[in-house]
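Everything below concerns the one structure shown next.
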Amino acid sequence: MELANCKVLLTGASGGIGQALVEQLCAAGAEVLAVARDSGPLAALMARFPGRVRHVAEDLADAAGLDAVAAAAQAWGGVDCVIQAAGVNRFGLLEQQDDAALAQQLTVNLLVPMQLTRRLLPLLRQPRRALLMFVGSTFGTIGFPGFSAYSASKFGLRGFAEALRRELADSGIRVLYLAPRATQTAMNADAVVAMNAALGVAMDAPQQVAAQIVQALRDEAPERALGWPEQLFVRLNRLLPRVVDRALRKQLPTVKRFAAAQAEGGRG
């Protein structure tokens with residue numbers, strides 16, 4: 001897709017990846033309807049790209065908020081592209097997480113994208129061609145200890161994108177799914193950053209991930225995973241899951257150590 005003069009609705013716009021995306025989309029000539037409860041992180045971008053960034057402050061976990069976003073998109077004159085990048089993550093073993101934490105991850109990461117997509121499909125059918133992108137995670141293909149609920153939500157999101165892509169195959173809407181690896185954003189707790197360092201797991205800068213998302217939009221790549229060796233492990237997990245089982249089993253003591261530190265810190 002050519003991004004110049006493209007109207008893009010972006011959720012999670014105030015997050016690390018979201019802010020980088022707003023900047024890069026506007027630099028490419030797009031206009032952005034930025035969905036985020038807090039406009040503060042977007043103030044500098046709105047000043048830098050006057051008239052190109054519009055902020056919608058709504059809670060996507062609320063039905064009224066979803067309706068308001070769809071109404072704002074319609075009042076904007078429709079959209080050519082929707083990027084659903086909003087997400088939450090709660091690191092910890094399953095026994096350390098309460099029902100509210102589990103429900104929040106499944107709601108924000110999976111249910112909200114499904115509900116918002118349903119509301120936006122009539123608008124996406126109006127242009128001759130439109131893109132619908134879901135920003136997932138490597139953990140949407142590889143279930144990782146300490147991230148069971150997050151993995152479940154992202155596995156679900158990837159499955160939803162795949163099924164919807166096939167459901168809309170006879171339309172002008174193209175459905176894309178992009179899976180970043182660990183990223184340097186506030187969504188990752190300090191314990192996660194420390195654990196990744198201990199395990200030798202690379203973390204990408206938000207600007208790098210945003211650039212890959214923009215390129216995937218241009219390429220209209222149906223599904224793309226980022227990072228190496230993460231791309232290799234994604235393939236191995238599909239073909240030889242026991243190999244990945246053994247590799248992660250060796251990492252389990254480290255995961256448990258940092259999960260315990262995270263739980264202890266949460267009680268302090």
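The Cβ shell under 15 Å around PRO241 holds other residues with a net charge of +4, Lys and Arg each +1, Asp and Glu each -1.
For the chain, the longest piece that avoids every one of the GluC sites (Glu not before Pro) found in DSSP loops with at most 14 other C-beta atoms within 10 Å covers 3-219. Under 15 Å from the Cβ of MET203, count the other residues' Cβ atoms, weight Lys and Arg +1, Asp and Glu -1, and hand me the total. So the surrounding residues net to -2. Note on the chain: dipole from Cβ charges, positive end direction compared against LEU45, GLY29, ALA161; the farthest Cα belongs to ALA161. Taking only the C-alpha atoms of segment 106-197, the Rg (one decimal) and the largest Cα-Cα distance, Dmax (whole number), read 15.1, 47 Å.
Evaluating kT/(6 pi eta Rh) at 10 °C and 1.306 mPa s, with the Kirkwood radius of segment 188-250 over Cα pairs in the Stokes-Einstein relation, gives 116 µm² s⁻¹. Working from Cα positions, state the angle (0 to 90°, nearest 10) between the long axis of helix 63-75 and the longest principal axis of the chain. It is inclined by approximately 40 degrees. What percent does the relative contact order of the chain come to when contacts are Cα pairs within less than 8 Å and at least six residues apart? Worked out over the chain, it gives 19 percent. For the chain, the extents of the C-alpha atoms along the principal axes are 53, 42, 32 Å, listed from largest to smallest. Summarising the amide proton neighbourhood of TYR177: residues at separation of 5 or more, or on other chains, whose placed amide H is nearer than 5 Å comprise PHE134, GLU223, ARG224. Compute the angle between helix 112-124 and the longest alpha-carbon principal axis of the chain, please, reported from 0 to 90 degrees and rounded to the nearest 10. With both axes taken from Cα atoms, the answer is about 20 degrees.
Here is the size of segment 1-122 from its Cα atoms: Rg then Dmax, 15.0, 48 Å. Applied to segment 19-25, the Karplus parametrisation 6.51 cos²θ - 1.76 cosθ + 1.60 on θ = phi - 60° returns per-residue 3J(HN,Hα) values of 4, 5, 5, 4, 4, 6, 5 Hz, with x for Gly and Pro.
Taken one residue at a time, the phi angles of segment 185-190 give Karplus couplings (6.51, -1.76, 1.60, θ = phi - 60°) of 10, 5, 5, 8, 5, 4 Hz. Gly and Pro are set to x. Each residue, GLU167 and GLN96, gets one label point 7 Å from its Cα in the Cβ direction; the gap between the two is 3.6 nm.
When only the Cβ of Lys, Arg, Asp and Glu is charged (+1, +1, -1, -1), the dipole of segment 1-142 relative to its Cα centre reaches about 600 debye.
Sites listed here are trypsin sites (Lys or Arg not before Pro) in segment 55-138 whose DSSP assignment is loop and whose Cβ has at most 14 other Cβ atoms within 10 Å: ARG125, ARG128, ARG129.
Residue order by solvent-accessible surface for ASP99, ASP219 is ASP99, ASP219, largest first, with ligands and nucleic acids left out and a 1.4 Å probe.
Straight Cα distances below 24 angstrom link LYS154 to the lysines LYS250, LYS256, with same-chain residues fewer than 8 positions distant left out.
A cut-off under 15 angstrom between Cβ atoms defines the neighbours of PRO222, and their net charge, with Lys, Arg +1 and Asp, Glu -1, is +2. May I ask for the angle, rounded to the nearest 10°, between helix 206-219 and the longest principal axis of the chain, with both axes built from Cα atoms and the value confined to 0 to 90°? For helix 206-219, the angle is close to 50 degrees.
Excluding residues on the same chain fewer than 8 positions from LYS7, give the aspartates and glutamates whose Cα lies under 20 Å from its Cα. Hits, sequence-local ones excluded: GLU23, GLU31, GLU58, ASP67, ASP80, ASP219, GLU220.
The values are calculated or read from the model by the stated rules, or taken from the named source; none is laboratory data. In this text the structure is predicted, and so the values were computed from the model without any measurement. Positions of Cβ are generated from backbone atoms using ideal geometry, with glycine treated the same way; all protein chains shown enter the neighbour counts. What goes into the accessible areas is simple: the full protein's heavy atoms, side chains included, and nothing from ligands, DNA or RNA. Shrake-Rupley method; radii C 1.70, N 1.55, O 1.52, S 1.80 Å.
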